[in-house]
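The block underneath contains the structure these notes are about, expressed in structure tokens.
The values are calculated or read from the model by the stated rules, or taken from the named source; none is laboratory data. Keep in mind that what you see is a predicted model, and the values were worked out from it rather than measured. Here Cβ is always computed from backbone atoms with ideal geometry, including for glycine, and neighbour counts include all displayed protein chains.
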Amino acid sequence: MARLTISSISRFVGGFQGQRFFVGIDVHKRSFSVALLRPDGMVESWTTPADVEAITHRLTSLPIYISAVCYEAGPTGFGLARSLRSAGIKVIVAAPSRIPRPVAATNKTDSLDCIKLAELAACSKRG
């Protein structure tokens, strides 16, 4: 998963201004793995340092409507949840025991986790 620039994220959301996006964030002490799920099902993911204010600013500065952000419950996500909620973004906290896991342990990566969390956010809005 590559580190993306603001311009590459802007190109990814281009043409979808004002449409509903879903975000999944795999939160760790030193880094966040972020997945942005577009209305057409395409996903862009990246890793960023664990800076709550920076990720909140990056997400709120995009010309899109973020319907929900989903992250896995744990001690490192409380500050992120508070920051996103104060910015007016709906936050869904997923219980780790309720998130489907791949059968093989080698298939579990932060990039796959954040994509799965974005998909769960999208499903929660439909159901």
In the stretch 1-27, which residue that is of a type outside the set (S, T, N, Q), loosely packed, with under 14 Cβ neighbours inside 10 Å and over 15 Å from Thr56 (Cα atoms) is modelled with the lowest pLDDT? Ala2
With respect to Gly79, determine if the residue is closer than 23 Å to Gln17 by Cβ, surrounded by fewer than 18 Cβ atoms within 10 Å (Cβ to Cβ) and either acidic (Asp, Glu) or modelled with pLDDT of 85 or more (or both). no
Within the stretch 59-81, the count of residues that are assigned to a strand (DSSP E or B) and under 15 Å from Ala95 (Cβ atoms) comes to 3
